[in-house]
């Protein structure tokens, strides 16, 4: 049973009705998955998992007036297209639940496959304690996935946004992976003490061209511009990551870069010109090109 403060029955409302109203409101606002978002917001208000909300609907559970009002207020904010993750304060990423909010890029499901390429390479690296570096870690999603899924590795993460770093520090403290180190530093100057020793360099850099304004309001209005826009062709930071990766990686080390579905060929050209070898572009689970990998010469 979903917990609720006992109140007179006249001040309680069926959970089913509150969810129906929320779903209709979000659908009218153009939210992509209005029922899912309504259920997740209700779960947040009630302090339970989404499955418990769905079970509560089947049982005919009631919620009190204060909970209904709080849900309605959150739905109103979501209807303005404020990201769901900003409202709940949580973004799931692989097995992690990361704290997010204004100022930090919200990790996306498609980045999980980018992390997978890095994790797979790190797990089979020919070292008892291989090193990975995440350049521009944002919320810490990729770095913390690497650190927790390859526990014998050492993972270093660099972030240079003050606003994002607030969230990064919180996530590193919450996950408490003793094999992960976070630094507030520009990626061009990141970890010189690791030069030539890194098995995997990974980055989800800003890659949206400056003139290509994102269609989704959640992205356009709420994601930090520094995490989105990468210059005229979107690849300014990719060029930096390529150069820094060459400095950090050892021979045979892997570079993994996330990018837009139309950018694979350009990135392969950049990497080849810099001296990387065997550059290849890989799709995500929706079969859109999402990541390019290359090997250090």
### Query
Does residue 145 satisfy the condition of being assigned by TED's automatic domain parsing to the domain that holds residue 190, surrounded by 17 or more Cβ atoms within 10 Å (Cβ to Cβ) and part of a loop (DSSP other than H, G, I, E, B)?
no
### Query
Scanning the stretch 78-110 for residues that are under 19 Å from residue 207 (Cβ atoms) and in contact with a strand residue (DSSP E or B) (Cβ under 6 Å, 6 or more places away or on another chain), which turns out surrounded by the fewest Cβ atoms within 10 Å (Cβ to Cβ)?
110
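Every residue in the stretch 7-32 that is at pLDDT below 95 and within 19 Å of residue 52 (Cα to Cα), please. Spell out how you get there, then give the answer.
Taking the stretch 7-32 as the starting set, the residues that turn out to be at pLDDT below 95 are 7-13, 32.
Residues satisfying the conditions are 12, 13.
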#### Entry: Subset of the stretch 40-59 (residues that are surrounded by 22 or more Cβ atoms within 10 Å (Cβ to Cβ) and over 25 Å from residue 81 (Cβ atoms))
56
### Task
Filter the stretch 17-39 for residues that are part of a helix (DSSP H, G or I), crowded, with 20+ Cβ neighbours inside 10 Å and touching a residue at least 40 places away in the same chain (Cβ under 8 Å) and give the result.
18, 22, 26, 37
### Query
Among all residue pairs at least 6 apart or on different chains, which show Cβ distances below 6 Å where the first residue, located in the stretch 84-102, is within 18 Å of residue 217 (Cα to Cα) and the second is assigned to a loop (DSSP other than H, G, I, E, B)?
85/100; 85/106; 86/101; 91/100; 91/106; 91/107; 100/106; 100/139
### Query
Looking at the stretch 162-181, is at least one residue part of a strand (DSSP E or B), over 16 Å from residue 248 (Cα atoms) and touching a helix residue (DSSP H, G or I) at 6+ places or on another chain (Cβ under 7 Å)?
yes
### Query
Conditions: (1) touching a helix residue (DSSP H, G or I) at 6+ places or on another chain (Cβ under 9 Å); (2) modelled with pLDDT of 95 or more; (3) more than 21 Å from residue 246 (Cβ to Cβ); (4) surrounded by fewer than 21 Cβ atoms within 10 Å (Cβ to Cβ). Residue 214 meets all but one. Number of the miss?
(2)
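Name every residue in the stretch 111-127 that is assigned to a loop (DSSP other than H, G, I, E, B) and touching a strand residue (DSSP E or B) at 6+ places or on another chain (Cβ under 7 Å), in order of residue number.
Step one: list which residues in the stretch 111-127 are assigned to a loop (DSSP other than H, G, I, E, B), which gives 124-127.
Residues satisfying the conditions are 125, 127.
So is residue 151 in a loop (DSSP other than H, G, I, E, B), in contact (Cβ under 8 Å) with a residue 40 or more places away in the chain and out of contact with any strand residue (DSSP E or B) (no Cβ under 6 Å at 6 or more places or on another chain) or not?
Details: in a loop (DSSP other than H, G, I, E, B): yes; in contact (Cβ under 8 Å) with a residue 40 or more places away in the chain: no; out of contact with any strand residue (DSSP E or B) (no Cβ under 6 Å at 6 or more places or on another chain): yes.
No, not satisfied.
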### Task
Search the stretch 65-76 for residues being in contact with a helix residue (DSSP H, G or I) (Cβ under 6 Å, 6 or more places away or on another chain) and surrounded by fewer than 18 Cβ atoms within 10 Å (Cβ to Cβ), and hand back the single one that is modelled with the lowest pLDDT.
65
### Task
Select from the stretch 217-235 the residues that are touching a residue at least 60 places away in the same chain (Cβ under 8 Å) and either assigned to a loop (DSSP other than H, G, I, E, B) or surrounded by fewer than 21 Cβ atoms within 10 Å (Cβ to Cβ) (or both) and list them in ascending order.
217, 218, 221, 222, 223, 224, 226, 228
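From the list 156, 105, pick out the single residue that is closer than 22 Å to residue 37 by Cβ and either assigned by TED's automatic domain parsing to the domain that holds residue 222 or in a loop (DSSP other than H, G, I, E, B) (or both). Break it down stepwise before answering.
Numbers: 156 fails: closer than 22 Å to residue 37 by Cβ.
Checking each option against the conditions leaves just 105.
The values are calculated or read from the model by the stated rules, or taken from the named source; none is laboratory data. All of these numbers come straight from a predicted model, not from anything done at the bench. All Cβ positions, glycine included, derive from the backbone under ideal geometry; neighbour counts span all protein chains shown.
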